[in-house]
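Chemist: One structure, pasted below without further comment.
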Amino acid sequence: MKSYNKEKQLGMNPGTASNRLLKQLLFSFGDRLGMQWCFQCATKIESVDDMSIEHKVPWLHSEDPVDLYFDLDNIAFSHRACNYAASRPRKAKKFCPSPASYRRGCRCEGCRKANSDYRKALRARSY
Ligand SMILES: [Zn+2]
Ligand SMILES: [Zn+2]
């Protein structure tokens, strides 16, 4: 029983282990590229456990879900908690000011600044 062996040595299901490894890699590369800034609250994502992947333009119920889902330009990182809260419209309001709120159409001073800070942070990648 090969897979049983793997599971025994890893102390977890090999599929779970592989997913965790991929997520850690993603976090580590994203961090090196200066991309680990939360799309919702515009602060840094400090740990892989807080990281979630989010679609800037929601793909669900869109005209072209598959395209939006896999469009890398449509991908941003955010805190898990922020991502979760933002998917509940009533709570999303608390994310003003934020780049996400800017994207949703808010042009208040805070959101304009949050959005430009966010873009600057992404541009200031460590070469
Ligand atoms: Zn956040
Ligand atoms: Zn705003």
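The values are calculated or read from the model by the stated rules, or taken from the named source; none is laboratory data. All of these numbers come straight from a predicted model, not from anything done at the bench. Note: ideal-geometry Cβ built from the backbone for every residue, glycine included; neighbour counts use all protein chains shown. When the accessible area is computed, the model is the full protein with side chains, heavy atoms only, and any ligands, DNA or RNA have been set aside. Shrake-Rupley method; radii C 1.70, N 1.55, O 1.52, S 1.80 Å.
Chemist: Quick check: from the Cα gyration tensor, does the range 13-65 come out rounded (a/c under 1.5), prolate or oblate?
Modeler: Details: a/c = 2.43, a/b = 1.20, b/c = 2.02.
Judged from the Cα gyration tensor, the range 13-65 comes out oblate (a/c at least 1.5, b/c at or above a/b).
Chemist: Now, a different point. Determine the gain in length on full extension of the stretch Ser28-Leu72; use 0.36 nm per residue of separation and subtract their C-alpha separation, reporting nm with one decimal.
Modeler: 14.1 nm
Chemist: Moving to a separate point now. Between Asp49 and Cys96, take the C-beta separation as r, use R0 = 25 Å, and let me know the FRET efficiency to the nearest 0.05. Provide the component values of the computation, followed by the final result.
Modeler: Numbers: r = 26 Å, r/R0 = 1.05.
That pair, Asp49 with Cys96, gives E of 0.45.
Chemist: Let me ask something additional. Dipole of the range 15-127 (Lys/Arg Cβ +1, Asp/Glu Cβ -1, origin at the Cα centre): which of Asn19, Trp37, Gly105 lies farthest to the positive side?
Modeler: Sorting the options by dipole projection puts first Gly105.
Chemist: Quick one: give the max-minus-min coordinate of the C-alpha atoms of the chain along each principal axis, largest first, in Å.
Modeler: Extents along the principal axes, in whole Å: 60, 37, 26.
Chemist: Related question: Using a 1.4 Å probe over the heavy atoms of the protein chains, calculate the carbon and sulfur portion of the accessible area of the chain as a whole percent. Don't skip to the answer; put the middle values down first.
Modeler: On the way: 5150 of 9280 Å².
That fraction is 55 percent.
Chemist: What is the dipole size for the chain, taken about its Cα centre, with +1 at each Lys and Arg Cβ and -1 at each Asp and Glu Cβ, in debye to the nearest 20?
Modeler: It comes to approximately 440 debye.
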